[in-house]
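Here it is, the structure, as structure tokens.
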Amino acid sequence: MKDTLPRAEALVRSLLLRKSGEERLVMGADMFSAARALVAASLREQGLTRGSAEWKLGLLDRTYGSEISPAHRRRLVERWRAEPTPGSTST
């Protein structure tokens, strides 16, 4: 669905093209950081501990979704679950 008027879309595009490559790169990085912060807040609301296997899995799924093959996802989960949980003490 497209709800932007062609004239408005053309204006936004021309304004973006006036920015330098560096400015556009910074904008993209800022948008990625904002999206990651929203995902992290969502994971905290679910009671997940930052850095835990479940937190990493939630971040992976929300960020990359089906772009990660099931086999690769399984290997990552196994590795993360074998790591100590942040904040835990191991003897």
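The values are calculated or read from the model by the stated rules, or taken from the named source; none is laboratory data. Please read all numbers here as calculations on a predicted model, not as lab measurements. Reconstructed Cβ throughout: ideal geometry from the backbone, glycine too, with neighbour counts over all protein chains shown. These accessible areas exclude ligands, DNA and RNA; they are computed on the full protein's heavy atoms, side chains included. Shrake-Rupley method; radii C 1.70, N 1.55, O 1.52, S 1.80 Å.
Based on the Cα atoms of the chain, what semi-axes does the equivalent ellipsoid have, where each is the square root of 5 times one gyration tensor eigenvalue, given in whole Å with the largest first?
37, 15, 13
To test your reading of the geometry: what angle, between 0 and 90 degrees and rounded to tens, separates the Cα axis of helix 6-18 from the longest principal axis of the chain?
70 degrees
Near residue 82, within a Cβ-to-Cβ distance under 13 Å, what is the net charge of the other residues, with Lys and Arg +1 and Asp and Glu -1?
Net charge in that neighbourhood comes out at +3.
A follow-up question, please. Skip the ligands, DNA and RNA, and give the accessible area per residue of the chain with a 1.4 Å probe, whole Å².
That works out to 82 Å² per residue.
Under a plain spin-label model, where a point goes 7 Å from the Cα along Cα-to-Cβ, how far apart in nm are residue 42 and residue 18?
Between residue 42 and residue 18, the simple spin-label model gives 3.4 nm.
Counting only protein heavy atoms, what percent of the accessible surface of the chain is carbon or sulfur at a 1.4 Å probe?
In the chain, the share of accessible area belonging to carbon and sulfur is 57 percent.
Now for a separate question. Rank by packing, highest mean first: peptides 35-44, 50-59, with packing defined as the count of other Cβ atoms within 10 Å averaged across residues.
Sorting 35-44, 50-59 by mean packing, highest first, produces 50-59, 35-44.
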